[in-house]
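Read the figures in this text as sums done on the coordinates, not as results from a lab. Quick caveat: nothing in here was measured; it's all calculated off a predicted structure. Heads up, the Cβs are rebuilt from the backbone with ideal geometry, glycines too, and the neighbour counts pull from every protein chain shown.
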Amino acid sequence: MTLSLLASLLFFVPPHLLAVIEIKIGGVAPERSPWHNSLLKISREWEKITAGQVRIRVYPGGIAGSELDMIRKMRLGALQGAVLTNMGMMKIEKSVLIFNLPLLFSSDDEFNHVFSQLKPAFEARLEANGFKAIQWTQSGWVYFYTKGPVLNPEDLKKHKISITKDDPDLEQVWESMGYRVVPQDSKDTLIGLESGMITALYLPAVMAASGQYFALAPHMLDLKLSPLVGGLVLNRKTWEQIPEKFRPLLLEATEREAQSLAAEITRLEEEAIKAMKENGLVINRPSENDRQMWYQASSRGISSLIGKVIPAEVYQQTVELIKEYRKRGEK
């Protein structure tokens, strides 16, 4: 056999004999939830596009640990990817917290306008930190759920609020404003509600319904706090191991699924609130005076984060984009 013939045979290796790139992805969303189902669809699409060269194994429901645990595992290579909320994203890049600031955005359209402008810069920041953003999703709006009625910030100060652990900056902000907070993993939330360790939490309606949190915290404040922005990230090393010819196709497939998931979440959010009301949820509607108190409290909290947690230039750019969008709506 000539060397040229041998080289030709080596080049035309059948796909099933190529080295398989196995990608283990963790997430805190429960099994069979919309986020888990979406990830399974992505897994099937990626395997199809790469003819089996890329295979994804999914670990839902916090099996792979908390969001901070998953980030550590990705850095070590024990996990190649994770589906993170914006609270998880901010542990990689602090400025992503801008999307979680309370009462900054007033609608999906407004948020989408701002996000589309900021997205390239955030993705570049994530890559500089060793991660590749594969997919972004808006998972509904966050609301307060409490054991007793809450209409204004003073009412909330009577409660013990569940917050994400391992973030001392945010914990300090909450406490400096007079709130009692309990840092914990999301998997411990139900236990905390049952034991009385916590009496308040904030999360999207779909999660409140699917996790049955509303049964133990049956009061919802009718005030959209912030959109919950999620993302599928891989460690950059894993992404770069995938043959370059596949990458645009994989991103296109993932973006299609992100759009489908966003539409599903919007529908499910409406259904979730309706179903919770039918099963005992009380929706408390704040007066205009109560709303102004919330906006004032939000402004104080945001001021303490700017320059310390969120870069001032990121906040200023966000505010300018919001103003630009609102002026356009006034015409």
Requested in this report: Would you mind computing, in nm to one decimal, how far apart the modelled labels at Lys277 and Asp108 are, each placed 7 Å from Cα along Cα→Cβ?
Outcome: 1.8 nm
Report task. Measure off 7 Å from each Cα along the Cα-to-Cβ vector at Ile63 and Asn289, then give the distance between these two points in nanometres to one decimal. Result -> 5.3 nm
Query raised in the report: Measuring from centroid to centroid over Cα atoms, what is the spacing of region 30-106 and region 170-184 in Å?
Result: 26 Å
**Report entry** Label zone at Met197, where the point sits 7 Å out along the Cα-to-Cβ direction: region 139-183 residues whose backbone N lies under 16 Å
**Finding:** 160-167, 181-183
Report summary line: Here the FRET efficiency for Arg44 versus Glu324, based on Cβ atoms and R0 = 35 Å and rounded to 0.05, is 0.30
**Report entry** 19 Å reach of a label modelled at Asp169, 7 Å along Cα-to-Cβ, counting backbone N of region 268-305
**Finding:** 298-305
Requested in this report: Return, ordered by residue number, the residues of region 193-212 whose backbone nitrogen is under 16 Å from a label point located 7 Å along Cα→Cβ of Lys158.
Outcome: 199-201
Report task. Return the ratio Rg/(2.2 N^0.38 Å) for the chain, where Rg is computed over Cα atoms only. Result -> 1.09
**Report entry** Using distinct alpha-carbon pairs, which all enter the 1/r mean, Kirkwood radius of region 35-104 in Å
**Finding:** 13.7 Å
Report task. Considering only Arg236, Arg180, Arg32, give the residue with the highest GNM mean-square fluctuation for the chain, with springs between Cα atoms whenever their separation is below 10 Å. Result -> Arg32
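Return the calculated 222 nm mean residue ellipticity for the chain, to the nearest 500 deg cm²/dmol, obtained by summing -39500 (n - 2.57) across DSSP H runs with n ≥ 4 and dividing by the residue count.
So the calculated ellipticity at 222 nm is -15000 deg cm²/dmol.
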Requested in this report: With a point put 7 Å past each Cα toward its Cβ, work out how far Glu127 is from Lys187 in nm, to one decimal.
Outcome: 3.4 nm
